[in-house]
1. K47 passes all but one of (1) away from the ligand (no atom under 16 Å from the Cβ); (2) open to solvent by less than 20 Å² (accessible area, probe 1.4 Å); (3) out of contact with any Phe, Trp or Tyr (no Cβ under 6 Å at 6 or more places or on another chain); which number fails?
2. Return yes or no: is K57 more than 15 Å from the ligand (Cβ to nearest atom) and in contact (Cβ under 8 Å) with a residue 12 or more places away in the chain?
3. So the check is Cβ under 7 Å with 6+ separation or different chains; which pairs have a first residue in segment 75-93 that's over 15 Å from W150 (Cα atoms) and a second one that's in a loop (DSSP other than H, G, I, E, B) and among the polar types (S, T, N, Q)?
Amino acid sequence: FLWPIGAWTGVYERTFIAVKPDGVHRRLVGEIIRRFEKKGFHLVGMKLVQPSEPLLKEHYWGLRQKPFFSGLIEYMRSGPVVAMVWQGLDVVKMARRMLGETDPADSLPGTIRGDFCMEVGRNVIHGSDSVKMAQREISLWFNPDELICWENSSQPWRYQ
Ligand code: IDP
């Protein structure tokens, strides 16, 4: 079943979240999933991947001119990444709030980066920064058949 792009709105909005290699090595995967589950978001895709260099260069295409680009690609290639797709109302914006700022030093306690890391080059998690980027990143990291459309019986208890 191919989810039409136009249907990714409202409670069906989706975002791409990745626990970066430092997050995996530091055993933060369960804690991060727990936060998204407890918030009420709906998991539609998840896999452990060793991302290739071409995939990462495509993913971070917008940062290719930055001085930290090659270090960023090396860091992301170094260990497994947990790639996920989460669905829910305003999930792109809400996930960015849950992550905190790009630099953990600017991230408030209570956010993932505020609670679990210290440096911008080791900030444990990625989250799409717009609905458009989410669509691009999800199609880059996942095949359509890896995204599962399933009914969640708690929906009436999460949405009015
Ligand atoms: P975001 O991940 O919060 O969307 P971006 O500006 O898109 O932030 O940067 C992507 C990733 O690049 C960051 O999450 C971080 O891992 C890395 N990065 C950003 N700025 C720096 C830097 O100044 N030094 C090292 N790595 C950086």
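1. So K47 meets the others, but not (2).
2. Details: more than 15 Å from the ligand (Cβ to nearest atom): no; in contact (Cβ under 8 Å) with a residue 12 or more places away in the chain: yes.
No, not satisfied.
3. That search, which allows pairs on different chains as well, returns P80/Q50; V92/S128; V92/S130.
The values are calculated or read from the model by the stated rules, or taken from the named source; none is laboratory data. None of the values given here were measured: they were computed from a predicted structure. FYI the Cβ positions are ideal-geometry reconstructions off the backbone, even for glycines, and counts take in every protein chain you see. Ligands, DNA and RNA are excluded from the accessible area calculation, which covers all protein heavy atoms including side chains. Shrake-Rupley method; radii C 1.70, N 1.55, O 1.52, S 1.80 Å.
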